[in-house]
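Presented below is the structure to which this report refers.
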There are 2 protein chains.
Amino acid sequence: MSTANRPALTNDLFLRALLRQKVDRTPVWMMRQAGRYLPEYRATREKAGSFLKLCMNPELACEVTLQPLARYPLDAAILFSDILTIPHALGLGLQFETGEGPKIERPVRSLADVTKLGVPDPHTELKYVIDAVSLIRRELKGRVPLIGFAGSPWTVGTYAVEGGSSREFSKIKTMMYNEPATLRALLQLLADSTVVYLNAQIAAGAQAVMIFDTWGGVLTPAQYREFSLHYMQYIVDGLTREAEGRRVPVILFTKGAGDRLALMAQTGCDALGVDWTTDLAEARRLVSDTVALQGNLDPNCLYAAPERIREEVARVLASYGQGHGHVFNLGHGIHPAVPPEHAGAMIAAVHELSPQYHV
Amino acid sequence: MSTANRPALTNDLFLRALLRQKVDRTPVWMMRQAGRYLPEYRATREKAGSFLKLCMNPELACEVTLQPLARYPLDAAILFSDILTIPHALGLGLQFETGEGPKIERPVRSLADVTKLGVPDPHTELKYVIDAVSLIRRELKGRVPLIGFAGSPWTVGTYAVEGGSSREFSKIKTMMYNEPATLRALLQLLADSTVVYLNAQIAAGAQAVMIFDTWGGVLTPAQYREFSLHYMQYIVDGLTREAEGRRVPVILFTKGAGDRLALMAQTGCDALGVDWTTDLAEARRLVSDTVALQGNLDPNCLYAAPERIREEVARVLASYGQGHGHVFNLGHGIHPAVPPEHAGAMIAAVHELSPQYHV
């Protein structure tokens, strides 16, 4: 693939912080920064016809990926896509019904259901994602790095087995208890698919990758090690870690990880996402400064008045304290009803208040 | 109040374990043990007409409280009621719509909304609960102790402010950030109401009380201390701790507490409920054996085959290890779709496997 479309980065703060290299302020981006809270996003989604059509259209996916960068001085772009592209490519029948969340028409319930599935080819079934990565990378013109991503096998597996969102995860947990071999076969297939998928994103120009383990926190500690962390470890081991002469950092994020951050740091990843329920000071203690940390403002804080947002940004920065291995972010995705100017207040506060931690 | 209806306990394992006194096996009960998974419960609820009518009818509440004791060798009964009785008594307009969860018709959104509320009198607005406690206590005939309960102010407050169940808790968190004085006024009113309410349950015959903080885990550590733990501490400080010549143990339960268990143990409570995401060995380490622990089988485990349930019961018992301060329970309420014989398999396994930890 041509690298003519890949000019040198003018802002590499994000990549440097992920590798705990010296930076003069804390870089900042937001999970779901291209999303429903932005009127320009809603307009593009309207044009696309649906969320899934927007994901599958590289030009429009590129357009919404770049929208928040036009509004805010962000230090990274993240591919606009969804963690359910792999089940979609596996032919499980993905639908997004408005206000209902994702639905999987043909959920996986038996070993026979798993064995008829094969690792999707990123250059055919998932070509729309890889094309979007290439296009976004070209359109970014080296302004900031581009993050690629995927869901963790456990998290993607919950949708594949439950048939959609879940509160209690009863179907996948029943499978775990009664047919662990079936669950392991599914998670291994998802892990193999994710390695190929993320490596294709990296080859197409993703400069860092993040693995979202949204539901790892619903497992017992032993189940977490066996059914979530194990497969994330497998992915970390299989990823291309250098491209264009530069390390490609890997970020793992388990929502509700708590003290599991210590185990996660041992996978060989470069950074961990931290939700708002763990103080960054405690998270830093748990990982003994072996990896960078990304987070962790309570997403609900963005409903507060701008001066309160600034105070809370100050608390998060102080909680991490002195040092270069911090990427500022929310502790989870930005909520759809947040006023865009409040996101701007958060980002401005990080620019203003963080240099004191990098002296 | 007459104590003629309060014969001596023939099984006090539960109370002894909560006080870390010697027991010869681990006592066991289940959160939501009187509930939808039992056909006899569904029949009584049908007879009552609705969930709320069942809660408000002392005779029928007594009937469903006793149903699981007729099926299983449980070591405690828990009052059949709901954590939203206080908002109901406050006149906020509680409704339970089938399949929808609770709705609060007149949610609290301002300081004016709070200041017009007063502490409910447990002997008038909440008389149906206190009458149920007296009646259940009489009908138990000293077989096992009766647990009274209430929601934590923070948890009850989420329903009062959000107007029902929530996933993101945006309204109460916006209030926390922008109008903390309003939220504090509401939580103090709920805390005052809860002290009076639980003390009335104790006077009517409750032999232990539990405070359910279902949603404390969605707060940052600092918010948890200020907006949830602080008010539970206030309640613990205000409770009657002895009745009928015996200590009345207090159990605190924050779902998703993680390492906050250490702080909770310092409130002066007797025991902590632990959900399934923290190993009991780790929980015991966090609280340095200063309080008893109650938990923590993954509720989804009861979908597994009985022999798998037995294995997982063995793991939970081994995780607590040697010692008397363990009450076996699920890590959260039993799910409505669990086959009743699976609950029986769990209870039988505790009876069979726990004596070895009490030698």
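Laboratory data are not the source of any read-out in this text; all were calculated from the coordinates shown. Since the model is a prediction, treat every value here as computed from it, not as a measurement. Here Cβ is always computed from backbone atoms with ideal geometry, including for glycine, and neighbour counts include all displayed protein chains.
Using only DSSP helix segments of four residues or longer, with each worth -39500 (n - 2.57), what per-residue ellipticity at 222 nm results for chain A after dividing by its residue count and rounding to 500?
-12500 deg cm²/dmol
Could you tally the net charge around A:A305, taking each other residue with its Cβ under 15 Å from the Cβ of A:A305, Lys/Arg +1 and Asp/Glu -1?
For residues surrounding A:A305, the net value is -3.
I need the helices of chain B that pass two filters: whole DSSP H segments spanning 18 Å or more by Cα along the axis, and mean Kyte-Doolittle score no lower than 0.5.
TM-like helix candidates: B:180-203.
So who's got an amide H within less than 5 Å of the one on B:V248, skipping anything under 5 residues away but keeping other chains? H placed 1.01 Å off N, in plane.
Residues meeting the amide H criterion: B:E242, B:A243.
What gaps in nm, shortest first, separate A:R315 from its twins in the other copies when you place the label 7 Å past Cα toward the beta carbon?
Here A:R315 shows inter-copy label distances of 3.6 nm.
Report, in cubic angstrom per residue, the convex hull volume of the C-alpha atoms of the stretch B:47-106.
101 Å³
Where both residues lie in the stretch B:169-282, what percent of DSSP beta bridges are antiparallel, nearest 5? Write down the numbers at each step before the final one.
Working: 2 of 10 bridges.
Bridges in the stretch B:169-282 that DSSP calls antiparallel: roughly 20 percent.
Taking 8 Å as the Cα distance limit and 6 or more residues as the minimum spacing, I'd like the relative contact order of chain B as a percentage. Before the final figure, lay out each step's value.
On the way: 696 pairs, mean separation 77.9, N = 359.
Taking the mean separation of contacting Cα pairs over the length of chain B, I get 22 percent.
Please identify the trypsin sites (Lys or Arg not before Pro) of the stretch B:32-126 that satisfy two criteria: DSSP loop assignment and at most 13 other Cβ atoms within 10 Å. Which are they?
B:K116
Among B:L94, A:L353, which comes first, then next, by fewest other beta-carbon atoms within 10 Å?
A:L353, B:L94
Just need the Rg to Rh number for the protein assembly as shown, please, alpha carbons only, Kirkwood Rh.
Checking Rg against Rh, the ratio lands at 0.98.
Measuring label to label, 7 Å along Cα→Cβ, what does B:Q188 give against each other copy in nm, shortest first?
Listed shortest first, these distances are 6.1 nm.
Based on alpha-carbon atoms only, what is the radius of gyration of the stretch A:1-68 relative to the globular estimate 2.2 N^0.38 Å? Could the numbers behind the result be given before it?
Values: Rg = 15.5 Å, N = 68, 2.2 N^0.38 = 10.9 Å.
So the stretch A:1-68 has a normalised radius of gyration of 1.42.
If each of B:E40 and B:E242 carries a label point 7 Å out from its Cα toward its Cβ, how far apart are those two points in nm?
If labels sit at B:E40 and B:E242, their model points lie 3.7 nm apart.
Using alpha carbon centroids, what distance separates the stretch B:158-203 and the stretch B:7-30, in Å?
Between the Cα centre of the stretch B:158-203 and that of the stretch B:7-30, the gap is 33 Å.
For the stretch A:256-306, what percent of Cα pairs sit more than 12 Å apart?
Looking at the stretch A:256-306, the distances longer than 12 Å represent 60 percent of pairs.
So which GluC sites (Glu not before Pro) in the stretch B:2-110 pass both tests, a DSSP loop state and at most 16 other Cβ atoms within 10 Å of the Cβ? All intermediate terms of the calculation are to be shown ahead of the outcome.
Values: sites: B:E40, B:E46, B:E59, B:E63, B:E97, B:E100, B:E105; in loops: B:E100, B:E105.
Passing both the DSSP loop test and the Cβ count: B:E100, B:E105.
For B:F51, place a label point 7 Å from Cα along the Cα-to-Cβ direction in every copy; what are the distances to the other copies, in nm, shortest first?
With the label placed 7 Å along Cα→Cβ, B:F51 yields 2.6 nm.
Can you find, among A:G35, A:S110, A:T155, the residue farthest towards the positive end of the dipole of the stretch A:35-291? Put +1 on the C-beta of Lys and Arg, -1 on that of Asp and Glu.
Checked the options; the winner is A:G35.
Please compute the modelled spin-label separation between A:E59 and B:H123, points set 7 Å along Cα→Cβ, answer in nm with one decimal.
For B:H123 paired with A:E59, the spin-label model returns 7.8 nm.
Taking the Cα centre of chain A as the origin, how large is its charge dipole in debye, to the nearest 20, when only Lys and Arg (+1) and Asp and Glu (-1) carry charge on their Cβ atoms? Please list the in-between numbers first.
Values: 36 positive and 37 negative charges, 57 e Å.
That gives chain A a dipole magnitude of about 280 debye.
Be a star and scan the stretch B:147-187 for residues whose amide nitrogen sits under 20 Å from the point 7 Å along the Cα-to-Cβ vector of A:R167.
B:150-173
Taking the Cβ-Cβ separation of A:K141 and A:A318 as r and a Förster radius of 22 Å, what is the calculated FRET efficiency to the nearest 0.05?
Once rounded, the FRET efficiency stands at 0.05.
With N set to the residue count of the stretch A:108-238, report its C-alpha Rg divided by 2.2 N^0.38 Å to two decimal places.
1.13
Among bridges DSSP assigns within the stretch B:36-293, what percent are antiparallel (round to 5)?
Just about 30 percent of them are antiparallel.
Write down, largest first, the equivalent ellipsoid semi-axes of the stretch B:319-359 in whole Å, where each equals the square root of 5 times an eigenvalue of the alpha-carbon gyration tensor.
Each semi-axis is the square root of five times an eigenvalue, giving 23, 12, 6 Å.
Calculate the translational D of the stretch B:1-142 in whole µm² s⁻¹ from Stokes-Einstein, where the hydrodynamic radius comes from the Kirkwood formula applied to all Cα pairs, the temperature is 10 °C and the viscosity 1.306 mPa s.
This corresponds to a translational diffusion coefficient of 93 µm²/s.
If I take the rotation axis that carries chain B onto chain A, which residue of chain B has the nearest beta-carbon, and at how many angstrom?
For chain B, the closest residue to the axis carrying it onto A is B:G258, 2.
Which whole number gives the average count of other chain Cβ atoms within 10 Å of the Cβ atoms across peptide A:219-225? Each step should come with its number before you reach the end.
Details: counts 4, 15, 7, 4, 4, 1, 0.
Mean partner-chain Cβ count within 10 Å for A:219-225: 5.
For the residue pair B:S110 and A:A222, what label-to-label distance in nm results when each label sits 7 Å from Cα along the Cα-to-beta-carbon direction?
5.5 nm
For the stretch A:120-165, what is the convex hull (Cα atoms) projected area averaged across all directions, in square nanometres? Before the final figure, lay out each step's value.
Details: hull surface 17.4 nm².
Projected over every direction and averaged, the Cα hull of the stretch A:120-165 covers 4.4 nm².
In chain B, what is the count of Lys pairs whose alpha carbons are under 30 Å apart, counting only pairs at least 8 residues apart or on separate chains?
Taking chain B as the scope, the lysine pair count is 23.
Pick out, in residue order, every one of the trypsin sites (Lys or Arg not before Pro) in the stretch B:148-217 that is DSSP loop and has at most 16 other C-beta atoms within 10 Å; say none if there are none.
Of the trypsin sites (Lys or Arg not before Pro), the ones in loops of the stretch B:148-217 whose Cβ has at most 16 other Cβ atoms within 10 Å are B:R167.
Tally Lys and Arg at +1 and Asp and Glu at -1 over the other residues with C-beta under 11 Å from the C-beta of A:K103: what net charge comes out?
For residues surrounding A:K103, the net value is -3.
Compute the distance from the alpha-carbon center of the stretch B:98-156 to that of the stretch A:264-335, in whole Å.
Using only Cα atoms to place each centre, the spacing works out to 38 Å.
Would you list the P(r) distribution for the stretch B:277-345, with all Cα-Cα distances sorted into 10 Å bins from 0 and each bin expressed as a whole %?
The distribution over the stretch B:277-345 is 21, 51, 24, 5, given as percents.
Going by C-beta contacts inside 10 Å, put A:H342, A:H326 in order with the fewest on the left.
Lowest count first: A:H342, A:H326.
How are the alpha carbon pair distances in the stretch B:36-293 distributed across 10 Å bins from zero to the largest one, expressed in percent?
Whole-percent P(r) values from 0 Å outward: 7, 30, 37, 23, 3, 0.
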